[in-house]
Amino acid sequence: MIRLRSVKKSYRQGATSVLACAVDQLDIAKAEQVALVGRSGTGKTTLLHMLAGILRPDSGEVEVVGQRLDQMGESARDRHRGRHIGMVYQTFNLLQPFTALENVLLGALFGRGAGGDAKHRAAELLSKVGLGDRLHHRPSEMSVGQVQRVAICRALINDPELILMDEPLGNQDRSTGGQVLDLLLQMASDGGKTVVMVTHDPESATRMQRTVDLATLRGVEVVA
Ligand SMILES: Nc1ncnc2c1ncn2[C@@H]1O[C@H](COP(=O)(O)OP(=O)(O)OP(=O)(O)O)[C@@H](O)[C@H]1O
Ligand SMILES: [Mg+2]
């Protein structure tokens, strides 16, 4: 499902460049559920964005769902993401003028989930994460934890093969976070979906099948 080799990504900062992420080797099989951990600033978000095809590596190979993203242009990567990947951004990225229901439906517009009764499925997803009575609230009219759960629903609306989540439960209380993670992992295992989740919470990490520490990827990968 995911295969990375000798990947490097730097950001230009004036005259210098900052190495944001380096991965010597990483393989994740279909239907695996992986926690991605590492200290702040080690490149977890940068790695997820390369897996999603939002960023292209400076060098190395990034193969995701059978496609070499490092060899594809931006619009091809965008199409690939819409078709195969659900992404929960660390900063949520919901559109402020739209309601919870509309934000989830917008996710369907860019993927393959637009057909059928998308509105019904969006409302059902929102109900499952405890937002059945917040369908018509805008992001500014919800708590941060609620907005985060809307972002999770948007990532799931296209029934993606690969779910990438950047600290998706960082603003949930323990009980809500546990319930949402249960739901996510259940949906993933039912559908044979692959999950890569960045988390700083050791308890969430232990719920996943495997933990990958980004600090260890610069050399040989260590499997916990
Ligand atoms: N646009 C940018 N320009 C320059 N440097 C950047 C940029 N974005 C990120 N960086 C640097 O790249 C490194 C990796 O950033 P990244 O956001 O991937 O870290 P992270 O592991 O997700 O951290 P956190 O746990 O705090 O979310 C950091 O040291 C950061 O300072
Ligand atoms: Mg990050």
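Check the range 133-145 and report whether any residue there is touching a helix residue (DSSP H, G or I) at 6+ places or on another chain (Cβ under 7 Å), at pLDDT 95 or above and crowded, with 19+ Cβ neighbours inside 10 Å. For the range 133-145, residues touching a helix residue (DSSP H, G or I) at 6+ places or on another chain (Cβ under 7 Å), at pLDDT 95 or above and crowded, with 19+ Cβ neighbours inside 10 Å: present.
Listed by first and then second residue, the pairs with beta-carbon distance under 6 Å, at least 6 apart or on different chains, first residue in the range 198-220 and within 14 Å of Asp166 (Cα to Cα), second among the hydroxyl-bearing types (Ser, Thr, Tyr), are Ala205/Thr199; Ala205/Thr211; Leu214/Thr42. Met165 satisfies every condition listed in (1) of a type in the set (A, V, I, L, M, F, W, C); (2) within 16 Å of ligand 1 (Cβ to nearest atom); (3) more than 18 Å from Thr42 (Cβ to Cβ) except (3).
Scanning the range 1-39 for residues that are within 17 Å of the chain's Cα centre (by Cα) and small (Gly, Ala, Ser), we see that the one that is nearest to ligand 1 (Cβ to nearest atom) is Gly38.
Taking the criterion of being acidic (Asp, Glu) and loosely packed, with under 15 Cβ neighbours inside 10 Å, the only residue of the range 7-36 that qualifies is Asp27.
Once the range 197-224 is narrowed to residues that are within 17 Å of Ala31 (Cα to Cα) and charged (D, E, K, R), the residue that is modelled with the highest pLDDT is Arg210. Flag: Ala205 does not match the condition of being within 16 Å of ligand 2 (Cβ to nearest atom), under 16 Å from Glu102 (Cβ atoms) and crowded, with 19+ Cβ neighbours inside 10 Å. Contact annotation: residue pairs with Cβ atoms under 6 Å, 6 or more positions apart or on different chains, pairing a residue in the range 41-57 that is over 15 Å from Thr91 (Cα atoms) with a partner that is part of a loop (DSSP other than H, G, I, E, B) and more than 10 Å from ligand 1 (Cβ to nearest atom), are Met50/Pro57. All of (1) over 30 Å from Gly145 (Cβ atoms); (2) within 15 Å of ligand 1 (Cβ to nearest atom); (3) buried (at least 22 other Cβ atoms within 10 Å of the Cβ) hold for Leu69 with one exception: (2).
The values are calculated or read from the model by the stated rules, or taken from the named source; none is laboratory data. Everything numeric here is computed off the predicted structure, so don't read it as measured data. All Cβ positions, glycine included, derive from the backbone under ideal geometry; neighbour counts span all protein chains shown.
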